[in-house]
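One structure is given below, encoded as structure tokens.
The values are calculated or read from the model by the stated rules, or taken from the named source; none is laboratory data. All of these numbers come straight from a predicted model, not from anything done at the bench. Here the Cβ positions follow ideal geometry from the backbone for every residue, glycine too, while neighbour counts run over all protein chains shown. For accessibility, only protein heavy atoms count, side chains too; no ligands or nucleic acids. Shrake-Rupley method; radii C 1.70, N 1.55, O 1.52, S 1.80 Å.
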Amino acid sequence: MTISRRTFGLTLMSTGLGTACSLPAPASRSAAPGAARLPASTTTTSTSAGDAPSPALQLDPQAGQRIHVDLGDGRRLAVRAWVGLPTVARPLEADHQQLNLYIPEAYLRGERIGRHTARSAPIFLPNQVGGYMPARPGTPEGRGMGPPPAASAASAASAASAAQMAQGAQGARTAPAVAGGASGPVGTVAAAGPAGGAPSSAPSTIAQALARGYVVAAPGARGRTLRTADGRWSGKAPAAIVDLKAAVRWLHHNADRLPAGDVERIVSNGTSAGGALSALLGASGNGADYTAELDAVGAAPGRDDIWAVSAYCPITALGLADGAHEWQFNAVHDYRRIEMSMLDYRMQRTEVPGTLTPLQIALSDALKAGFPAQVNALGLTDATGRALRLEADGRGSLRDHVQGLLVASAQDALDRGQALGERGWLQLQGGRVVAADFDAYARAVGRMKTVPAFDGVALDTGENQLFGDATTDRRHFTDFSLAHSQGDAAGTAGRAPDLTVRQMDALRQLADGRNRVAPHWRIRHGTADRDTGLAVPALLAAAVRPRARSVDLALPWDRPHSGDYDLPALFDWIDERLDAHLDARRG
């Protein structure tokens, strides 16, 4: 029997709502009017020949269970939850290759939440990944996260996301694996925070998205520390992005079975490594580079492009991230590195001060010297069409562009009534911020990482571990660090294949004209964030701009390495993009 969404909602109202839902199957439905459809000729992904999708990948609309999400202040939201839904037919790590689906119950009664209906509600896709570590699907439990702006760059650095660091923040030397969140129970749950920041009184990211009227599909992902029972590594690159793509494919595959949510309006969200994966998901839609891996795990056939990207402090563009880091911090030789250890099953973070060795200074000099050629080879421009380039001494339009982003951040803080404090790297005139000194800024914010920051010559970073394979824990992923390698005396680790490196690099995926790039992007990287150079988000935004409809890049004032700290603004941005789409359709 075919039942319309309206009939679907009325049926629920007439039969009542029990603890476990027993729902008629929703009608087969097409995309919302005016929603973009991918031409068949541009779909490059499929399952293996003759391999039909597993019935396990089909959503059972009757299997959802009723929960109440605690929004704080005595408010609760009735939600239907489908927990632990497999997104692939042949998982290597079943606990991570799955998603949790949450739908506000109002939609099942035919009601609206704000401007959204069951038909038009965007699907929010928040990943929980930090440090490229394993992540289980998110739940609405717990409380919100996200530190407030720090009083100074130094204090901002020390306030950097404990949750992010607990999962092995990028560039920090490898920490033990930490288990992800558990599946949400039936009943009343408290709202859980995002992957980054300090505890706050706000509800979790997932809870706030649900309250806003979004459908939430929270995917898990494999990570760099996972091993199968036979001892083989199962979460090395490109496992995490493959798992996120499989989750998107699952949503498209179940479009006619979802009780609510517009699969043409999927919005990815993530922080740090999760932000990089969010960006990568938006850059590589339907990319041919991933077909073999998706087929191998039994992902649903079809599309994996998304509509919008939200990326907080993305640790991306790893091929040039070491150069970007030293371009910014080359003159800063003292550092305060974060080291992590486990004590009574709790992650301990210790700040270890130090000074670069003569060898590390020489490596820094070489990386900085090579960065202009990397930038200039990209051929990127800013929003005005000005080429973003660097001279051999590191000066040039890219540097001017980054300084302009710092000026804009400081001015925005000033306009909001926030005291800037003593900032020797800023120049003010008549109550306006008129200039920023990039070198003085780098000295003020301070160095956190040694050299190289990402592809360690001693094979000692989280990213080295990310680029291992089934039988090798750690490998290099840049020619520079391979040439200067100190960590593999036997010479067996080598360098990851170029395909694997490309699969994890949003800039390189954006350069692939076959990919369907997300049309809307929002990128945030705090001015007090020392985990990667400011050139990285600037270059990412510049690379996206020619292939997207809207790109919103900002450096939030005094924010350390963290995410999900401005969710009302993020949700406003999403709704504004939706409104612009509707206005264009009416016009």
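A few notes on this one:
- Scanning the range 421-467 for residues that are among the aliphatic types (A, V, I, L, M), in contact with a strand residue (DSSP E or B) (Cβ under 8 Å, 6 or more places away or on another chain) and without any contact (Cβ under 8 Å) to a residue 60 or more places away in the chain turns up LEU426, LEU428, VAL433, VAL434, ALA435, ALA436, LEU459.
- Among (1) touching a Pro at 6+ places or on another chain (Cβ under 6 Å); (2) modelled with pLDDT under 95 - the single one LEU390 does not satisfy: (2)
- Filter result for LEU414 (surrounded by fewer than 19 Cβ atoms within 10 Å (Cβ to Cβ) and in a helix (DSSP H, G or I)): yes
- Scanning the range 298-334 for residues that are over 29 Å from LEU388 (Cα atoms), open to solvent by 10 Å² or more (accessible area, probe 1.4 Å) and not basic (Lys, Arg) yields PRO301, GLY302, ASP334.
- Among the residues of the range 88-135, the one identified as surrounded by fewer than 24 Cβ atoms within 10 Å (Cβ to Cβ), among the hydrophobic types (A, V, I, L, M, F, W, C) and assigned to a strand (DSSP E or B) is ILE113.
- Test for ARG249: is it touching a residue at least 40 places away in the same chain (Cβ under 8 Å) and either farther than 30 Å from ALA121 by Cα or open to solvent by 10 Å² or more (accessible area, probe 1.4 Å) (or both): no
- Pick from the range 252-272, criterion assigned to a loop (DSSP other than H, G, I, E, B) and open to solvent by 10 Å² or more (accessible area, probe 1.4 Å), ranking: nearest to SER310 (Cα to Cα): ALA255
- Taking the criterion of being in contact with a helix residue (DSSP H, G or I) (Cβ under 7 Å, 6 or more places away or on another chain) and of a type outside the set (Gly, Ala, Ser), the residues of the range 379-397 that qualify are LEU380, THR381, ASP382, ARG386, LEU388, ARG389, LEU390, GLU391.
- Restricting attention to the range 350-380, the residues that are open to solvent by less than 50 Å² (accessible area, probe 1.4 Å) and either within 25 Å of the chain's Cα centre (by Cα) or more than 18 Å from ARG545 (Cα to Cα) (or both) total 14.
- Subset of the range 531-587 (residues that are open to solvent by 10 Å² or more (accessible area, probe 1.4 Å) and either acidic (Asp, Glu) or at positive phi (or both)): ASP552, ASP564, ASP566, ASP572, GLU576, ASP579, ASP583
- Among the residues of the range 520-546, those that are in contact (Cβ under 8 Å) with a residue 60 or more places away in the chain and among the hydrophobic types (A, V, I, L, M, F, W, C) comprise TRP521, ILE523, ALA528, LEU534, ALA535, VAL536, ALA538, LEU539, LEU540, ALA542, ALA543, VAL544.
- Each residue in the range 437-495 was checked for being among the β-branched types (Val, Ile, Thr) and under 26 Å from ARG222 (Cα atoms), and 6 pass.
- Only a single item in (1) of a type in the set (A, V, I, L, M, F, W, C); (2) open to solvent by 60 Å² or more (accessible area, probe 1.4 Å); (3) at pLDDT 95 or above is not met by MET342, and it is number (3).
- Inspection of the range 514-530 finds a residue satisfying the criterion of being among the polar types (S, T, N, Q), over 30 Å from GLU422 (Cβ atoms), modelled with pLDDT of 95 or more and open to solvent by less than 20 Å² (accessible area, probe 1.4 Å).
- A count restricted to the range 33-87 and to residues that are open to solvent by less than 30 Å² (accessible area, probe 1.4 Å), at pLDDT 75 or above and part of a loop (DSSP other than H, G, I, E, B) stands at 3.
- Count - residues of the range 499-556 that are among the small types (Gly, Ala, Ser), in contact with a helix residue (DSSP H, G or I) (Cβ under 9 Å, 6 or more places away or on another chain) and under 26 Å from GLN411 (Cα atoms): 9
- Only one entry in ARG119, ARG66, ARG90, ARG115 is closer than 13 Å to GLY261 by Cβ, basic (Lys, Arg) and in contact (Cβ under 8 Å) with a residue 60 or more places away in the chain, namely ARG119.
- Checked across the range 508-521, the condition of being closer than 21 Å to MET133 by Cα and not charged (D, E, K, R) holds for no residue.
- Only listed residue being closer than 30 Å to GLY396 by Cα, polar (S, T, N, Q) and touching a residue at least 24 places away in the same chain (Cβ under 8 Å), chosen from THR472, THR478: THR478
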